[in-house]
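Before any comments, here is the structure.
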Amino acid sequence: AAVAPVAVPQNTVTSQIFLTPIAAPSILGFYAFSVPAVIMGVRWAQWYGTAATAVYLWPALLAFGLVQLLCAMFSYTARDNLATGFHGIWGALWAGIGIYYLYASYGILPILTDGGKSDEIGIWFALLAAITFGLLIASFAQSLGTVLTTLFTCAASIVAAIGFIHGHQNTVQGAGWVFFFAGIFAFYTASAWLLEYQYMRPILPLNNYNVYNNFAWLNRGVLYDPVVVNRGFGEPGVMKGQ
């Protein structure tokens, strides 16, 4: 039997939503974050160079910061709130530090010495620590890889804020070590996502381990399942998230 068409009442406004599949922005975003985090982390940890060495790093800091900002914009399309916040805030920071060292290389701004006191940069990192702490709480509903990345990034920001505000060289050096590990975890998380999307199954451990759902003292029996909200088709830009 033929199916009768559904009558649409008059004066009814119908709407259509067009979704476009895109590659997962956080793969590139976390890769872009890992490079400045490592090169500035090991510089502050005094693995190489002097304070003046940083002026030669501004092209990388600026370029990777802008790439991470671009990933934040595409995270809007993927409807990934966590990625939008993380890549937007930290992309802006790395780009800003790159511009600072660009001016410093031409003598427009002074070069910050190792362990030098700078209330301004300290306040930068204090505010970033507060924002990243909020991102850390949100990351518990995503994956352990994201939790570790935001955890070490938040910790590094706190230590850097204390070191720059008080001018403690050893504290800034410690922040460099923590930033180094944050970059390593970001690299690992991006690689885990990349391999999972390419091989259509988890390859590296930790990345799909949902901390919130696996600890009863966090979820109190209420599990987080974004698939119930929007099933999508398994691709960023169509489904909600990445």
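Things to note:
- Residues located in the stretch 55-84, provided they are over 17 Å from Val35 (Cβ atoms) and buried (at least 18 other Cβ atoms within 10 Å of the Cβ): Phe74, Ser75, Ala78, Arg79, Asp80, Leu82, Ala83, Thr84
- Phe133 open to solvent by 10 Å² or more (accessible area, probe 1.4 Å) and without any contact (Cβ under 8 Å) to a residue 60 or more places away in the chain: yes
- Within the stretch 39-64, residues that are closer than 22 Å to Thr171 by Cβ have Cβ atoms under 7 Å from residues that are polar (S, T, N, Q) and open to solvent by 50 Å² or more (accessible area, probe 1.4 Å) in these pairs: Trp44/Gln173; Ala45/Gln173; Gln46/Gln173; Ala51/Thr113, counting only partners at least 6 apart in sequence or on another chain.
- Pairs are defined by a Cβ separation below 6 Å, a sequence spacing of at least 6 or placement on different chains, a first member in the stretch 90-115 that is more than 20 Å from Tyr31 (Cα to Cα) and of a type in the set (A, V, I, L, M), and a second member that is open to solvent by 50 Å² or more (accessible area, probe 1.4 Å) and outside any helix (DSSP H, G or I); the pairs so defined are Ala104/Ile111.
- In the stretch 106-163, the residues that are in a loop (DSSP other than H, G, I, E, B) and under 20 Å from the mean Cα position of the chain (by Cα): Phe140, Ala141, Gln142, Ser143
- Of all the criteria given as (1) at pLDDT below 80; (2) within 20 Å of the chain's Cα centre (by Cα); (3) assigned to a helix (DSSP H, G or I), the one not satisfied by Asn213 is (2).
- Selection from the stretch 89-105 of residues that are under 17 Å from Val35 (Cβ atoms) and either open to solvent by less than 30 Å² (accessible area, probe 1.4 Å) or not in a helix (DSSP H, G or I) (or both): Trp90, Gly91, Leu93, Trp94, Ala95, Gly96, Ile97, Gly98, Tyr101
- Residue within the stretch 80-88 that is of a type in the set (A, V, I, L, M) and either in contact with a Pro (Cβ under 9 Å, 6 or more places away or on another chain) or modelled with pLDDT of 90 or more (or both) present: yes
- The residue that is most open to solvent (accessible area, probe 1.4 Å), counting only those in the stretch 157-190 that are under 15 Å from Trp47 (Cβ atoms) and of a type in the set (A, V, I, L, M), is Ile184.
The values are calculated or read from the model by the stated rules, or taken from the named source; none is laboratory data. What you are looking at is a predicted structure, and each value in this text was computed from that prediction instead of being measured. Neighbour counts run over all protein chains shown; Cβ positions are idealised from the backbone, glycine included. To get the accessible areas, we keep the full protein, side chains included, count just its heavy atoms, and leave off ligands, DNA and RNA. Shrake-Rupley method; radii C 1.70, N 1.55, O 1.52, S 1.80 Å.
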